[in-house]
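Chemist: Below is the structure I would like to discuss, written out as structure tokens.
What follows is calculated from the coordinates using simple rules that are stated; it is not laboratory data. Because the structure is a prediction, the values reported are computed rather than measured. Cβ sites come from the backbone with ideal geometry, for glycine too, and all protein chains shown count toward neighbours.
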Amino acid sequence: MLQVEECGPVRKFRAARSIFGRAFYYTAAYWVDGLLIDTTCPFAAEEMLQATSSLALTRIVNTHCHEDHIGANGPLQQARGVTIEAHPLALPVLANPRLQYLQLYRRIFWGWPEPSRGTAIGDWVETEHHRFRVLHTPGHSPDHICLYEAEQGWLFAGDAYVGGKDRVARPDYDIYAMIVSLRKMAALGVTVLFPGSGTVRTDESVADLQRKADYLEELGVKVRELHRRGLPVQAIQRKLLGRDPTIRYLTLGHFRSRYLVEAYLRGSSAANDSEV
């Protein structure tokens with residue numbers, strides 16, 4: 001299923017697969033001034049083709065190479081001849097999505113993307129009326145980027161910002177890079193936040209980013225302190241995060257509270273605030 005909504009001059013496409021009448025795990029793409037930022041999931045690819053057929057489309061930018069953000073890349077490129085840009089680390093996966101292992105839940109909820117041809121993105125993305133700064137925002141994935149339009153205060157954040165207080169993580173999360181990325185975004189003059197979930201935030205966008213960074217940093221302090229006292233990972237999890245939420249079981253254990261604790265304890269090799 002695909003929902004289309006106007007957010008001023010930005011058109012939002014919000015997609016999810018419906019199973020037994022219920023939609024699971026929405027993902028979003030945004031169109032503005034001929035630029036399409038992400039293309040939603042493979043199961044929505046045909047709907048994306050139809051929904052964008054009357055729009056000018058000069059280029060696609062992917063925030064990262066996860067299947068729920070590159071799902072219509074191939075069909076759109078084949079139908080419209082559009083160029084696709086992404087971080088250099090994303091390009092091999094765009095060309096061959098099977099390089100990226102998809103757990104069963106990912107295949108069920110989003111599906112396998114078709115291949116597409118991408119080129120390495122530069123420091124800026126320019127359209128007829130807008131100029132977007134490209135920010136490297138690793139943490140959720142090493143190849144993650146965001147687009148910031150300073151004049152409008154728009155930040156297209158992909159999955160670098162996910163609302164709420166995290167209680168779980170994937171085993172590959174770089175939590176310290178995530179905090180650095182959130183603080184980098186919070187330092188911008190953001191007035192409208194366009195996240196990968198499709199829940200557009202217009203009030204206190206910067207505060208949302210700052211609160212999320214503060215929460216993750218404060219949680220890390222508590223985790224490391226309990227670890228210094230000699231508590232094992234499982235005990236730290238129980239004390240700070242409680243029992244695993246439903247997402248652990250929906251993802252067959254790919255997301256767990258234990259992985260969030262372990263992310264703080266193993267440190268970070270990728271945390272940096274450099275741009276593309």
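Chemist: Just to be sure I understand: if I project the alpha-carbon convex hull of segment 124-276 onto a plane and average over all orientations, what area do I get in nm²? Intermediate values should be presented prior to the final figure.
Modeler: Details: hull surface 37.5 nm².
That works out to 9.4 nm².
Chemist: Can you give the net charge of the other residues whose Cβ lies under 10 Å from the Cβ of Pro75, counting K and R as +1 and D and E as -1?
Modeler: On the way: positive: Arg80; negative: Glu46, Glu114.
Around Pro75, the charge tally is -1.
Chemist: On to the next question. Per residue of segment 67-79, what does 6.51 cos²θ - 1.76 cosθ + 1.60 with θ = phi - 60° give for ³J(HN,Hα)? Whole Hz please, x for Gly and Pro, Karplus curve as stated.
Modeler: Karplus-based 3J(HN,Hα) across segment 67-79 equals 4, 7, 10, 10, x, 10, 3, x, x, 5, 5, 5, 7 Hz.
Chemist: Separate question: Loop only by DSSP, 16 or fewer other Cβ within 10 Å of the Cβ. Give me the trypsin sites (Lys or Arg not before Pro) in segment 221-251 that pass, ordered by residue number. Kindly include the intermediate steps, with their values, before the conclusion.
Modeler: Values: sites: Lys222, Arg224, Arg228, Arg229, Arg238, Lys239, Arg243, Arg248; in loops: Arg229, Arg243.
Loop-located and lightly packed - Arg229, Arg243.
Chemist: Ok, one more. Return the loop-located trypsin sites (Lys or Arg not before Pro) in segment 103-140 (DSSP other than H, G, I, E, B) with at most 15 other Cβ atoms within 10 Å of their own Cβ; answer none if there are none.
Modeler: Numbers: sites: Arg106, Arg107, Arg117, Arg131, Arg133; in loops: Arg117.
Passing sites in segment 103-140 are Arg117.
Chemist: Please count, across the chain, the pairs of lysine residues with Cα atoms under 15 Å apart that sit 8 or more places apart or on different chains.
Modeler: Step by step, the pairs that qualify in the chain add up to 4.
Chemist: Which percent of the Cα-Cα distances in the chain go past 29 Å? Could you put the intermediate results ahead of the total?
Modeler: Values: 11662 of 37950 pairs.
Percentage above 29 Å: 31.
Chemist: What does the charge count near Val192 come to, summing +1 for each Lys or Arg and -1 for each Asp or Glu among other residues with Cβ under 14 Å from its Cβ? Before the final figure, lay out the partial values.
Modeler: On the way: positive: Arg11, Lys12, Arg201; negative: Glu5, Glu6, Glu149, Glu151, Asp203, Glu204, Asp208.
Value of the local net charge: -4.
Chemist: Mind listing which GluC sites (Glu not before Pro) in segment 92-163 are in a DSSP loop and have 16 or fewer other Cβ atoms within 10 Å?
Modeler: On the way: sites: Glu126, Glu128, Glu149, Glu151; in loops: Glu128, Glu151.
Passing sites in segment 92-163 are Glu128, Glu151.
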